[in-house]
Each structure stands twice: as structure tokens, then as C-alpha cells.
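Report on the structure given below.
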Amino acid sequence: MKSLDTFKYQNRIDKLKTKKLNQTLEKIKYEGLLDEDDYGRIVPPKNHWESISNHEDGSFYGLEGWTTNFCDLMRHHSTYVDPNDAFAGRWMYFMSRMRSNKWNPDYPYDHLQPNIDKYDIICGIGDDAHFAPDYKMGLKLGWQGLLNKIETYEKINTSEEQASFYDAHKRAIKSIQQWISNHIETIHYLQEKETNPQLAKNLKEMAEVNQRILHHPPQTLREACQWIIWYHLASRTYNRDGAGGQIDTLLQPYYEKDLANGTIDRDKAIYYLACFLINDPIYWQLGGPDKNGNDQTSDISFLILEAADKINTSLNITIRVHDDMNEKLFEQGIYYLLKNKNAWPRFSGDKALVDGFMKNGFDAETARQRIAVGCNWMSLPGMEYTMNDLVKVNMAKVFQVAYNEMLSDQSAPNTTKNLWERFRKHLSSAVNTAADGIRHHLKYQKFNEPELILNLLSHGPIEKGRDVSDSGAQYYNLSIDGAGLAVVADSFAALQQRIEDEQKLSWEALDYHLSSNFEEQDGERIRLLMRNSYRYGQGNTIADKWAEEIRDLFSDLVRNQSDAAQQHLFIPGFFSWANTVGLGQTVGATPNGRKQHTPISHGANPNPGFVADAASLALATAIAKVQPGYGNTAPMQWELDPSLAKQEHAALIGSIIKTHFAQGGTLINVNILDKNKVLEAHQDPSKYPDLIVRITGFTAYFSMLTPKFRQLVVDRILEN
Amino acid sequence: MEGKITTIQRLSIHDGPGIRSTIFMKGCNLRCQWCHNPETFSMQPQLQWISEKCINCGKCVEVCNDSAFTINNGLVQFNRDKCTTCFDCVEHCYPNAIQQIGRTISADDLFNEIAPDFPYFNTSNGGVTFSGGEPMLQLNFLLKTLQLFKQANIHTAIETNFTADWSKYEAIIPYVDLFIGDLKIMDSKDHKRWTGLGNDIILKNIKKLDKTGIPYYIRTPIIPGVNHSAIQVESIIQFVSDLNNVERFELLPYHPLADVKYRNLGIKNPLQNTKGLTNKDLEIYNPILKQYNPG
């Protein structure tokens, strides 16, 4: 491995990193705190562009509304060129958030609202993206090729609605091309002014790259990276789409061609890749099997990791772990994870993901192509519409509804058996509402927010002349996640253990303490009794059994929503994204000793502090065991103890990762945080502006998080 | 067949190769004054009071028949001299501020409790390690448990102070993959002063073990004021370098982290004010290690 001081482009990379840090500080200054991904987005010019309404409520909807706005924004969009960068362009606008209303009021879902409120469902109606484009198609066709494809199919699909559909997509592509042209002008302008001959040369080449890919498919590594960046920036701008792809195999042919032509060396490749990665922390997968099961790792897989190390900022790279993987890539990934302690890379488990997805009726070839390209999610690039990570059922809230119903019903005894039956009934109702929400979304989303940009790189929408949300996609593999698993499992276990088995207190006594949030006489003592009951994650306890019961129930309920006639396949997962705080705010005190309005448990993770020490193995075993098992994830959020997170223990950490996946695990997100540093940063975020934490599937600058969310991260680390 | 243990430490990474579960056996015949596991001295269960966890609810005061707990100005106080270790208070202490240290467990239950971690042992070449305390004090239980793990093809290690009769070691050797032992002080009188026993039998047993060809580690804890000197360390290293089958020799820096355990158990910590050492502090012994190359 080359040392930093011999890397020819280190000076440029250093300048780009400094600039990114300043851009983050600027974002905090002008836009405030945000509990989200860093995204690589920068602050747009003030009052530079405003959306154009096409509805009386002031928002914009439908194909025409979105196309008009997107094209207008592209036309007026500022250019972004940095002479130190290999690529032009940065993401500035959250177009989908620049409207007063997310859902077209002409398609109301009032009939679903009572249950959405009752069970605190994040219904996903009107949410966008969260499936993956097929970058391979874009790189093959280029912008002109995509235009040609549209022109081919508009001759076949000739209805009025389809004519509008095709016209909108052509307008979108042309506006992107105009945007690129504007950048070319800026590059030329900066090139003329540039006094440093090396940077002037870089700008000249940047202009040439952009000129070539303005119409034609990319031919070189630099062109391929720049093409992906443009598509991605357009898609980000349109609706925050952050899906990536199998980046090593996407770029490999271009890199090898450059090598064969003698136009690239190792340093230059790393420089391009570093600039590519700093542009946006997109979810890229490295390694893993191809559709025939052969490992896809190549030289560029390693170069991508090395480039990531050079920039070492917020990154969302996932290494796919499988039986025949390239061990060196795996080891290199762990090396960088431990070296930088910056929460990258992540690891995904091929076996459970592929086996699970095949249980839905897909063959192994297809299942292997469903790769890690999103926060917690897998997707078949260009082939499926999924609503991944958009729909969540707050199971802790469902539990509370069931519990309150039982306690207020004098006709039946208070027992965990009775409570379970009520929980089953209400969870069924909640899942049904969530699925109905998805069905409503699928029916009307094209009138609300068509996927103008993602349609371009999907297999089907252009061919059929239909939006990807409107039967345009090949597959509808629809995701519903359960949230708060550990709160519910631990609550059932605490009730069983303390009230039924040990008879330490009565249902009525506990209800008194829950109603008073454990704040009345003896409240804290009872809270600790309940909190110190058996807990999910300890292994082979009643709480672990409850967790499995809940998993089975939730999985069955979600899968039962599938409808072969409609080609709707519903897939269960356990994930709560950054919603643990918000979902917790609607839930009162719970029998597991959790106080009212505090965050619910995260994804499939046990509640913090579930074992006294050595949580890593217990965590890895428990989460592997509780996977729904149909190809969507229940990620393991791993707060790795810094005393273990040393290079000398890399092999042991690798063993834990591999064993988790061998036992059924799907995805591992790792944080390695120094407790004292996090506590200091919590007090004064400006002290560590570059401290990065992996919140869930995504990473964020700690300094950008709201105090409440920073507290959540601190609690998680302290209690583990 | 039941044994007495304090705890099972999962993901143990300092007690043999790979990921291990270390079983801390209760009871020890030495009283090393720097011991960081004072809860393993006695074979009997002990009461631990963690004042930081106490919420001063006063329930222990209500249930204690010995009046060992009192409450003054809203604060619970514990008088260990009055405690008869009936442990009635433990189940009433919901915050877990009062805990019983030490439990009996059958060989089968111990095996089953550790079994979920076997997959991690297999991928990391790890296994189980019996530590303590002194595992050899519970020979029958140890033997039975070792046999269970060996039948399951699990790597086994034992940390011993080498003070048991050699015949006992011979009994377990067929079921042990790795021995780990401390060699603390070479001078027998000094050894007796700091641990309560001389080291003659220890040295003899190490030599006997060496002849068996079984791999073993020798570790020397370096304790300020006890053996933290070139003369002491060199004499140990010299002894070790004459052995043939030492797989690893390590110097371990003293750490004072056990002080809180002594306090919670009401045991006087003889080295209460002794400062800890770091690996860097031990680098002064590198020339000696280099000269003798003891494993």
C-alpha cells in the first residue's frame, strides 16, 4: 500500500476535504440541525430558485408539475466547479421538500388516517425513490441513447397519456444536458483564469470529459464517474434518491480499458475515485457474487477502498460477505474500519439475503443481483419498485393499544395470553392499514410525484410508457418494516416474569406505575424491577422467545398482504431508521421499564444495556436469530467497543461478522466511538466538527444532529 | 456434579487464542495481593453491595433480619460485620445494588450456557478457558466439564497457578489443549510473602508440564513494589528460557481496576494506592526479553 506522502494528488484531496468540512459547517449555520444523512449536499444560493405551483394548495403535483419544476430548476441551477476536483457538479436543492404539501389532496386517504394515527404508522404515501436505478443501462446508452430509447418506444405506445409521459422524460433529459452544458461553460471560464498549470490542465480535461458525455456514452473511467455523478445529482435534486449500485463492476471495464490504453496510473485512478466518493455518500456495494455465484472483486474494488481511505469522510460503502468472497477485500475493509473508526465500510450477508429472497419465488441468479444500495435495504437495480425504508409499523404503539384495551376490559382476565391475542388483532389491523397505504400510493403516486429520473434507468417504465410506481416496473417487492421489537418483546417478558411467574406485583399495581410514568411512590423501584427482567438478546430467555413470536406474527401478517394477481409481493423487515425518537414520542411508559415518550428500540437491536458485558456476541446471535428471513434486512447496529476495535483483533472482528452472517444475519452497521470524545462533542459539537457516526444505515456528522438525537447516540454508547 | 463459579465472560480475548468464553471458578488457595478477581478468593457465595446503583428505597432495611442495612438521612448504609449472608435482601433489591456473587452450576448447564457461542469459537479458533480463582480446586467438576467440551470438539484452556498436586494435572491433561499459568516471583520466600505460598511446587509442576510437550503460556504480572525490577524479571525470564515448550511468554502490566470490586465486597485492597502500569512502561524489559527470547 502506498503511503500518503507519495500520493501525487494528496494536496488536491486535502483541499477538497477541508472544503467539505467548511460546507458542512455552512449547512449547519444556514439550515440548522438535521437528523439525516450528510448527503454531500451543499447550501444553494439564497433565494435563487423557487418552485412553481400547479395546484391551489401552492404545491406542485403530477407529471407536468414535476417536469416543469425540474426543468426550470435545471435551467436556473448554479454551476459548481472546483479546480482541485476531477468532476463538476454538487447537489444543492431538495426539490421534493420545496413544496408545501407532499401528497396531492385530490387523492385523499382519510379512510386510512384513523388507524395511521391509532397505531402511529409511517405510511409512506407520497414518499419517493428508495429503489435502485440500473446504472449499467445509463453508462451503456448515455443521454442521447436514453433519448433514442424514448423515441423508439413513443412510436409503439401512442396513447395521449403516454405521449405526455415520453415528452416529460425527454424534457427532463434535455434539461440535464443543458445543466451539464452550463457547467462546461463555467469550467472553460475557470480554466482561462487558472494560473496553476496543473489545475488548468485538470480543468481542460474536465471540460473535455463533460463535452464527450453530453451526448455520448462514457468511454473512460473519468467519463463514467462523471456520468454517474450527473445522473445521481439530477436524481438527488429531483427527490433525494440516494441508491447506488455494484460500483466496482460498474467501473471495472473503464478502468481496465484506460490501463490497456496507458491513459491511467494507480494514483490517477485513486484520485478520480476519491473525487467520485466525496461528491456524495451514495450507497455502493463492493465484492459479492455475480449472478452465477462467482466473486466480483477486482483490482478496482481495492482502489475504491483506498480512495475512500484518502477522503475518509461520510461514506456508505458495503462489502458483501459470501462463502467464496475475496478474503483480502474483507480483511482490507476491516482494516479501514479499524484504522479510521469512521463507520465505513458496512458488511452485508449474502447467504441469508439470497436464501431469504428466494423464498419469495425468485431464482438464485436474480436473488444474487439484489444488492446493498440503500440505507438498510437491498434492491434489484432497475428491476423493482419497493418503497424500501418508507413504511414502518410502530409495534410499541400497537402493543400499547392492546395493553390499554385489555386493562380497560373488565370482562376478561389480565394475562399475557390475553394480551398476546389483542396484540395479534391490533398488529394485524396495523399491518393491513400499512399495506392499504402502499396500495393507495401505488394507485395515485403518478398523479402526485412520478419518478421522472429513476424511470430512465429502470427496465419497464420507458418500454411500457408507464411510471415505475404505476405498473411500469418488473417487480413490486414492497417493504413493510416493524419498529420497536425489543420494547414489545421485553414488555411481554417482564409481564410474564414479574406478574405471572414470580407474582412480585399485580397488573393493577403495574398499571398505576405505567400511568404515572413510574414517578409516584415506589415508581423507580418498580421501573427497575421491570427493566431488570429477562431481556431480548440475552439468549434463550422468555424475552428471546417473545421476540421470535413477534417476528413470526409480523412476518406472516406482512406476507399475507401479497397479491399474486396484482403482482404485489410484501416483504417484512425490522428497521426504524432515524425514527426511533419520533416513534417513541407517541408511546407512553411500557412494562419493560421504559419511560413515556423516550425513544423506542432500534430496528432488530435489543434495548441498550441488555447484557452486562460482551454485548457483541449476544447482539450478533440475537439479531441473526430474529431475522424475518425473506430477503429484506433486520440490520445489526453494532457499537463496537474501542478496546476491541484494534488492528490486533481484526481477525476476531472478522469472525464475529462472518458468524453473524452464517447464523442468518443480513447487514451490519458498525460504530467505533470513543466515549469521552462523544460526550465532549455532545456538550460542544463545534469541538469535533468532523466526528462521524453511523446512525442507522446512514452516517451523519455528529455536529449536524439535533441535541435529542445526539443524546440517543450517547445513550446507546454509554449503555453498551 | 456441580461447580462453583462467579461468572462466564463471553468474548474473552486475552485468555487464549480466538474468541473464548472464560469461566471464572470460585475459590483460590493463593492470596496474590494484586489480584484483580477478589470475588474468587472464597469458595462460598458473597454479598456485593454496589452503592452507586442504590436508589435508597429502604427495602433492604425492611427485610434484613440482621439489621445489616440501615437508613440515615435518606441514605442506605451497609454494615457488613452484621451480615450473615442469608441473601434474603438480594431478591428484594430491584435496582440490583445488592448481588450474590457465586453460583453453583452443573457441568451440563455450564456447557449449555456456553453452547450458543460455539459458532464464534469455530470461526476464530477460539474455545473455553477455565480461570478463577483456581480451577484445580474443583477437580472433579473441572474434569467432567472439560470432557463435555472435548466431546464437542471445543478447544479448552486452563489458567492455573500450578500449585496443585501433579497427579491432578495428569488427570486433566488428556482434555486440555492449552495451559496458561502465572510465574509471579522466582524467590520462594518473596512468593510466599506476596501470595501466601512459596513457589517450589509451581516451578516443579511447570517443569513437569514442559516435559509433556503440551503447549502452554507463561505470564508474569508486573506489579510495582513487588516484582517491577530488572533483577526480578530477569530471573523469571531466565527460568522460562530454559523451558522447551512455552508457546508464549507475556509480561502483563498491573492495573488497578479491581479496586471497585474490593470495595463492593468489603475486602481491603492491599494495593489500593498502587498506580497502574502500561505496556509502554514494560518496554524497559525488552532488552532482557531479546537476550533470552523466552517463547
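The values are calculated or read from the model by the stated rules, or taken from the named source; none is laboratory data. Just so you know, these numbers come straight off a predicted model, no measurement behind them. Here the Cβ is made from the backbone with ideal geometry for all residues, glycine too, and neighbour counts use every protein chain on show.
In table form, for the structure just shown:
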quantity: Wholly within region B:184-295, helices (runs of 4 or more DSSP H) carrying at least 1 residues that are under 27 Å from residue B:48 (Cα atoms) and free of Cβ contacts under 8 Å to residues at least 60 places away in the same chain; calculated: B:259-265
quantity: Contacts under 9 angstrom Cβ, first residue in region A:36-60 being outside the structural domain of residue A:82 (by TED's automatic domain parsing) and closer than 10 Å to residue A:93 by Cα, partner at pLDDT 95 or above and among the β-branched types (Val, Ile, Thr), 6 or more apart; calculated: none
quantity: Index of the failed condition, residue A:696 passing every other in (1) out of contact with any His (no Cβ under 8 Å at 6 or more places or on another chain); (2) touching a residue at least 24 places away in the same chain (Cβ under 8 Å); (3) of a type outside the set (A, V, I, L, M); calculated: (1)
quantity: Subset of region B:136-159 [of a type in the set (Val, Ile, Thr) and part of a helix (DSSP H, G or I)]; calculated: B:145
quantity: Looking only at region A:363-380, and only at residues there that are touching a residue at least 60 places away in the same chain (Cβ under 8 Å) and under 17 Å from residue A:569 (Cα atoms), the one that is surrounded by the most Cβ atoms within 10 Å (Cβ to Cβ); calculated: A:378
quantity: Criterion: over 23 Å from residue A:243 (Cα atoms) and of a type in the set (A, V, I, L, M) - qualifying residue of A:156, A:173, A:122; calculated: A:156
quantity: Residue that is nearest to the chain's Cα centre (by Cα), among those in region A:515-552 that are within 12 Å of chain B (Cβ to nearest Cβ) and of a type in the set (D, E, K, R); calculated: A:544
quantity: Residue within region A:566-586 that is more than 21 Å from residue A:391 (Cα to Cα) and more than 14 Å from every other protein chain (Cβ to nearest Cβ) present; calculated: no
quantity: Hits in region A:490-509 - residues which are buried (at least 16 other Cβ atoms within 10 Å of the Cβ) and away from every other protein chain (no Cβ under 13 Å); calculated: A:490, A:491, A:492, A:493, A:495, A:496, A:499, A:507
quantity: Residue check, residue A:512 away from every other protein chain (no Cβ under 13 Å) and surrounded by fewer than 18 Cβ atoms within 10 Å (Cβ to Cβ); calculated: yes
quantity: Residue B:130 touching a residue at least 60 places away in the same chain (Cβ under 8 Å) and in a strand (DSSP E or B); calculated: yes
quantity: Subset of region A:607-616 [more than 9 Å from every other protein chain (Cβ to nearest Cβ), farther than 19 Å from residue A:393 by Cβ and either charged (D, E, K, R) or crowded, with 22+ Cβ neighbours inside 10 Å (or both)]; calculated: A:610
quantity: The listed residue being buried (at least 18 other Cβ atoms within 10 Å of the Cβ), small (Gly, Ala, Ser) and under 21 Å from residue A:275 (Cα atoms), out of A:138, A:65; calculated: A:138
quantity: Selection from region B:171-182 of residues that are in contact with a Phe, Trp or Tyr (Cβ under 7 Å, 6 or more places away or on another chain) and either without any contact (Cβ under 8 Å) to a residue 60 or more places away in the chain or aromatic (Phe, Trp, Tyr) (or both); calculated: B:179, B:181
quantity: Which listed residue is more than 23 Å from the chain's Cα centre (by Cα) and under 30 Å from residue A:527 (Cβ atoms), from A:615, A:578, A:622; calculated: A:615
quantity: The listed residue being surrounded by 20 or more Cβ atoms within 10 Å (Cβ to Cβ), of a type in the set (Ser, Thr, Tyr), in contact (Cβ under 8 Å) with a residue 24 or more places away in the chain and in a helix (DSSP H, G or I), out of A:348, A:314, A:301; calculated: A:301
quantity: Only one of B:145, B:163 that is in contact (Cβ under 8 Å) with a residue 60 or more places away in the chain, under 21 Å from residue B:3 (Cα atoms) and under 15 Å from the mean Cα position of the chain (by Cα); calculated: B:163
quantity: Count of region B:97-130 residues which are away from chain A (no Cβ under 14 Å), surrounded by 20 or more Cβ atoms within 10 Å (Cβ to Cβ) and among the charged types (D, E, K, R); calculated: 0
quantity: Pair list, Cβ under 7 Å, 6 or more apart: region A:454-482 residue buried (at least 22 other Cβ atoms within 10 Å of the Cβ) and of a type in the set (A, V, I, L, M), other residue modelled with pLDDT under 95 and not in a strand (DSSP E or B); calculated: A:454/A:241
quantity: Unique residue being in the same structural domain as residue B:18 (by TED's automatic domain parsing), charged (D, E, K, R) and free of Cβ contacts under 8 Å to residues at least 40 places away in the same chain when the list is B:109, B:66, B:88, B:81; calculated: B:109
quantity: Members of region A:383-430 that are farther than 20 Å from residue A:498 by Cβ, part of a loop (DSSP other than H, G, I, E, B), in contact (Cβ under 8 Å) with a residue 24 or more places away in the chain and not hydroxyl-bearing (Ser, Thr, Tyr); calculated: A:383, A:387, A:388, A:389, A:390, A:391
quantity: Wholly enclosed strands (runs of 3 or more DSSP E) of region B:1-96 bearing at least 2 residues surrounded by 21 or more Cβ atoms within 10 Å (Cβ to Cβ) and within 13 Å of another protein chain (Cβ to nearest Cβ); calculated: B:2-12, B:20-25
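Residue by residue, here is whether (1) modelled with pLDDT of 95 or more; (2) in a loop (DSSP other than H, G, I, E, B); (3) in the same structural domain as residue A:177 (by TED's automatic domain parsing) holds:
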position: A:75; (1), (2), (3): yes, no, yes
position: A:84; (1), (2), (3): yes, yes, yes
position: A:103; (1), (2), (3): yes, yes, no
position: A:108; (1), (2), (3): yes, yes, no
position: A:116; (1), (2), (3): yes, no, no
position: A:127; (1), (2), (3): yes, yes, no
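Residue-by-condition table, conditions (1) within 14 Å of chain B (Cβ to nearest Cβ); (2) within 29 Å of residue A:385 (Cβ to Cβ):
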{"position": "A:554", "(1), (2)": "no, yes"}
{"position": "A:595", "(1), (2)": "no, no"}
{"position": "A:602", "(1), (2)": "no, yes"}
{"position": "A:618", "(1), (2)": "yes, no"}
{"position": "A:633", "(1), (2)": "no, yes"}
{"position": "A:642", "(1), (2)": "yes, no"}
